Amino acid sequence: MDEIAATLKLLSEFDVDFVVVGGVAAGVHGFSKGNFDVDICYARTPANLTKVVNALRSMHAKLRDVPNETPFTLDEESLHRNLNFKFETDIGNLDLQGEVPGVGDYVACLRDSDEIEMSGHLVRLLSLRKLIASKRASGRPKDLLVLPELEAILKQERVGEASAPQIPKKG
């Protein structure tokens, strides 16, 4: 968990516009199995790409899951040309998603996110409803396996909301 906190802290300190998605978001929503990669959906504006590059450079980020001889320059142009990246950093693994399956780009993720405090920093977290949609849309076996538990958590949240006392409206 220290790697997750350190990564989110660093991204916040570089003022990167991002929404936490994937396994970390699932864990915050109550999913029982941990995931140590930090997955974010990031704004692809020129200013934010510069912030992302600066944050990644400070972590000594290198592409993950590609042959060592694969040419890659960590700069704004490289991030602009592609959407999704998997990085290995001094802190831990960080996956960047320009678009989240079943949800959309950063603006769509932001629209359906909540601001929470994690390790002393405010970060945006994809809503559980949209997280479920993204897992379903990805179609990957590992994502499909987590759906029953995430759906049970959502159902439990809805039951809790329905049983909460209703405040009468004035009027």
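The values are calculated or read from the model by the stated rules, or taken from the named source; none is laboratory data. It should be emphasised that the depicted structure is a prediction, and the values quoted were computed from it without experimental measurement. Using ideal geometry, Cβ is built from the backbone for each residue, glycine included, and neighbour counts are taken over all protein chains shown. SASA here: full protein model, heavy atoms, side chains in, ligands and nucleic acids out. Shrake-Rupley method; radii C 1.70, N 1.55, O 1.52, S 1.80 Å.
Go through segment 92-108 residue by residue and tally those that are under 15 Å from residue 60 (Cα atoms) and over 11 Å from the mean Cα position of the chain (by Cα).
Going through segment 92-108 one residue at a time, the tally reaches 2.
Spot the failing condition for residue 91; the list is (1) open to solvent by less than 70 Å² (accessible area, probe 1.4 Å); (2) touching a residue at least 60 places away in the same chain (Cβ under 8 Å); (3) not in a loop (DSSP other than H, G, I, E, B), and only one is missed.
Of everything listed in (1) open to solvent by less than 70 Å² (accessible area, probe 1.4 Å); (2) touching a residue at least 60 places away in the same chain (Cβ under 8 Å); (3) not in a loop (DSSP other than H, G, I, E, B), residue 91 misses just condition (3).
I'm trying to understand the selection: among the residues of segment 104-153, which are open to solvent by 30 Å² or more (accessible area, probe 1.4 Å), in contact with a Ser or Thr (Cβ under 8 Å, 6 or more places away or on another chain) and in contact (Cβ under 8 Å) with a residue 40 or more places away in the chain?
121, 122, 124, 149
Taking residue 66 and the conditions (1) under 27 Å from residue 140 (Cα atoms); (2) open to solvent by 50 Å² or more (accessible area, probe 1.4 Å); (3) of a type outside the set (Ser, Thr, Tyr); (4) under 15 Å from the mean Cα position of the chain (by Cα), which numbered condition does it fall short on, given that it satisfies the others?
(4)
Only one of 6, 26, 55 is in a helix (DSSP H, G or I) and open to solvent by 10 Å² or more (accessible area, probe 1.4 Å). Can you tell me which?
6
Against the definition (polar (S, T, N, Q), open to solvent by less than 40 Å² (accessible area, probe 1.4 Å) and within 29 Å of residue 129 (Cβ to Cβ)), how does residue 48 come out, yes or no?
Spelling it out, residue 48 is indeed polar (S, T, N, Q), open to solvent by less than 40 Å² (accessible area, probe 1.4 Å) and within 29 Å of residue 129 (Cβ to Cβ).
Residue 99 fails exactly one of the following numbered conditions: (1) open to solvent by 60 Å² or more (accessible area, probe 1.4 Å); (2) over 18 Å from residue 137 (Cα atoms). What is the number of that condition?
Only one criterion in (1) open to solvent by 60 Å² or more (accessible area, probe 1.4 Å); (2) over 18 Å from residue 137 (Cα atoms) is unmet by residue 99, namely (2).
Let's see how each residue does on (1) of a type outside the set (S, T, N, Q); (2) under 22 Å from residue 6 (Cα atoms); (3) at pLDDT below 95; (4) in a loop (DSSP other than H, G, I, E, B):
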site: 69; (1), (2), (3), (4): yes, no, yes, yes
site: 123; (1), (2), (3), (4): yes, yes, yes, no
site: 143; (1), (2), (3), (4): yes, no, yes, no
site: 166; (1), (2), (3), (4): no, no, yes, yes
